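K.L.:
Right, I'll just put the structure down here and ask away after.
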Amino acid sequence: MKILVTGGAGFIGSNFINYVLEKYKEDSIVNLDLLTYAGNVANCEKWENDERYLFIEGDICDAELVNRIMPEIDAVVHFAAESHVDRSNESTMPFVQTNVIGTLTLLDSALKNGKKRFHHVSTDEVYGQLLPDEKAFTEDTRYKPRNPYSASKASSDHFVRAYHQTHGLPITISNCSNNYGFFHHPEKLIPLAITNILEGKKVPIYGKGNQIRDWLFVTDHCRAIDLILRDGKIGETYCVGGDNQPTNLEIVKTIINLLDADEEQSIEYVADRLGHDFRYDIDYKKINKELNWSPSVTLEEGLRDTVNWYKENEDWWKSVKEGF
């Protein structure tokens, strides 16, 4: 396949490109990325001289550009998104522009250029929050976004489904839990904790740190997307989760221990985020039953490998943090 990956210079997109090009020697990738603060061409630098890889700096909202690329493409895997909740609370319009208008631009082009196979990468945050005793999210959970970021992603999900129902566009959607791993932008909790501790700084913890997330190692997520793209049922949604339920405070304490840091000197409690969702949890029975997928990396293994990666790639994350 020749795959258009949007946002391929970002965290999950670049890991997906690395996964595909290493696994499938006959596949090729076109990486379309605007290189905003979260994009970094260094994430895919190992493929720069590979004839199977082409990087194009550009905006998914640029219909003319997208329509020049799309005719030669077999499938689209759509990662490109504004994704940081705090930024969406401060300035919502960029999230609407990228996550909604950008998705619509891609859908229109995929439709007009031969109904290209279209996989849309979304988030469990479209379902809102869970209370302690509530059941995990499934593909049938009602949408109830609680912040501008998740509202924009919910909107994009609806448009993707609408293009399938109305126009017969061959789509799939995946809603994943919180990813972590290599090339993760250090504004997010896990890489922020690692890099701050390495710099001798405190890690800010919202509220009491009792928010609960389901953490998914990024390579497990890439494997799930690949399975859905090649073998998933057209028109279907698949929930992808990591099968764990730590609090944010537990995550940070684990990282502190892995780095042999002092807990009291490493944590700073700060005012909680506006509208902070309490808990997310994913039930991945559907993708397990239909595609035989389940997470293969435990949280303990993934955190250890992630900490080691940041220790070994100081130049990468320091250059990223200079842009904060």
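K.L.:
Could you order peptides 113-124, 262-273 by the average number of other Cβ atoms within 10 Å of their residues, highest first?
P.N.:
Numbers: 113-124: 21.1, 262-273: 12.2.
So the peptides 113-124, 262-273, ranked by packing, come out 113-124, 262-273.
K.L.:
Same structure, new question: Within region 5-35, whose backbone N sits under 12 Å from a point 7 Å along Cα→Cβ of Arg230?
P.N.:
Flagged as within label range: 20-27.
K.L.:
Compute, for the chain, the length of the dipole vector about the Cα centre, with Cβ point charges of +1 (Lys, Arg) and -1 (Asp, Glu) only. Units Debye, rounded to 20.
P.N.:
On the way: 35 positive and 51 negative charges, 190 e Å.
In total the dipole reaches around 920 debye.
K.L.:
Additional query: Between Tyr143 and Gln265, 0.36 nm times their residue separation minus their Cα-Cα distance comes to what? Let's see the in-between values first.
P.N.:
Numbers: separation 122, 0.36 × 122 = 43.92 nm, distance 4.00 nm.
Difference between extended and current length: 39.9 nm.
K.L.:
Follow-up question, since we're still on this one. Per the Kirkwood definition applied to all pairs of different Cα atoms, how many angstroms is the hydrodynamic radius of region 186-288? Please report the intermediate quantities before stating the final value.
P.N.:
Values: mean 1/r = 0.0647 Å⁻¹.
One decimal place: 15.5 Å for the Kirkwood radius.
K.L.:
Here is a further query. For region 193-290, calculate the relative contact order in percent as a whole number, restricting contacts to Cα pairs under 8 Å that are 6 or more residues apart. Intermediate values should be presented prior to the final figure.
P.N.:
Details: 121 pairs, mean separation 46.0, N = 98.
Relative contact order comes out at 47 percent.
K.L.:
Additional query: Taking the Cβ of Ser152 as the centre, find all other residues whose Cβ is under 11 Å away and add up their charges (Lys, Arg: +1; Asp, Glu: -1). Intermediate results must be reported in sequence, preceding the final value.
P.N.:
Details: positive: Lys153; negative: Glu82, Glu125, Asp157.
So the environment of Ser152 carries a net charge of -2.
K.L.:
Then there's this: Whole Å is fine, so just give me how far the alpha carbon centre of region 221-257 lies from that of region 35-94.
P.N.:
Here the answer is 21 Å between Cα centres.
K.L.:
Cβ under 14 Å from Lys188's Cβ, Lys188 left aside: what net charge do those residues give with Lys, Arg +1 and Asp, Glu -1? Please list the in-between numbers first.
P.N.:
Numbers: positive: Arg87, Arg213, Arg273, Lys321; negative: Glu82, Asp86, Glu125, Glu187.
That sum, taken over residues with Cβ under 14 Å, equals 0.
K.L.:
Using a/c under 1.5 as the rounded threshold, could you call region 46-203 rounded, prolate or oblate? The axes a ≥ b ≥ c are square roots of the C-alpha gyration tensor eigenvalues, and prolate needs a/b larger than b/c, oblate otherwise.
P.N.:
oblate
K.L.:
Residue separation times 0.36 nm, minus the C-alpha to C-alpha distance between Glu51 and Leu131: what's the value?
P.N.:
On the way: separation 80, 0.36 × 80 = 28.80 nm, distance 4.93 nm.
Working it through step by step, the gained length comes to 23.9 nm.
K.L.:
Now, a different point. Can you tell me the alpha carbon radius of gyration of the chain divided by the globular rule-of-thumb value 2.2 N^0.38 Å? Provide the component values of the computation, followed by the final result.
P.N.:
Numbers: Rg = 18.9 Å, N = 324, 2.2 N^0.38 = 19.8 Å.
Taking N as the residue count of the chain, the ratio is 0.95.
K.L.:
Once you sort the root eigenvalues of the Cα gyration tensor of region 81-159 as a ≥ b ≥ c, which label holds: rounded (a/c under 1.5), prolate (a/b larger than b/c) or oblate (the other case)? Please report the intermediate quantities before stating the final value.
P.N.:
Details: a/c = 3.32, a/b = 1.42, b/c = 2.34.
Here region 81-159 falls in the oblate category.
K.L.:
With only Lys, Arg, Asp and Glu charged, each at its Cβ (+1 for the first two, -1 for the last two), find how big the charge dipole of region 1-132 is about the Cα centre; round to the nearest 20 debye.
P.N.:
Values: 11 positive and 20 negative charges, 94 e Å.
Result for region 1-132 is approximately 440 debye, rounded to the nearest 20.
K.L.:
For region 18-114, rounded, prolate or oblate, judged on the Cα gyration tensor with a ≥ b ≥ c (square roots of eigenvalues), a/c < 1.5 rounded, else prolate if a/b > b/c?
P.N.:
Details: a/c = 2.30, a/b = 1.32, b/c = 1.74.
It is oblate, given that a/c is not under 1.5 and a/b is not larger than b/c.
K.L.:
Also, I was wondering about something else. Just to be sure I understand: of the beta bridges DSSP finds with both ends in the chain, what percent are antiparallel, rounded to 5?
P.N.:
Numbers: 1 of 38 bridges.
That works out to approximately 5 percent antiparallel.
Readers should treat all values here as calculations from the given coordinates under stated rules, not as data from a laboratory. Just so we're clear, the structure is a prediction, and the values are computed from it rather than from any experiment. Cβ coordinates were reconstructed from backbone atoms using ideal geometry, including for glycine residues, and neighbour counts include every protein chain displayed.
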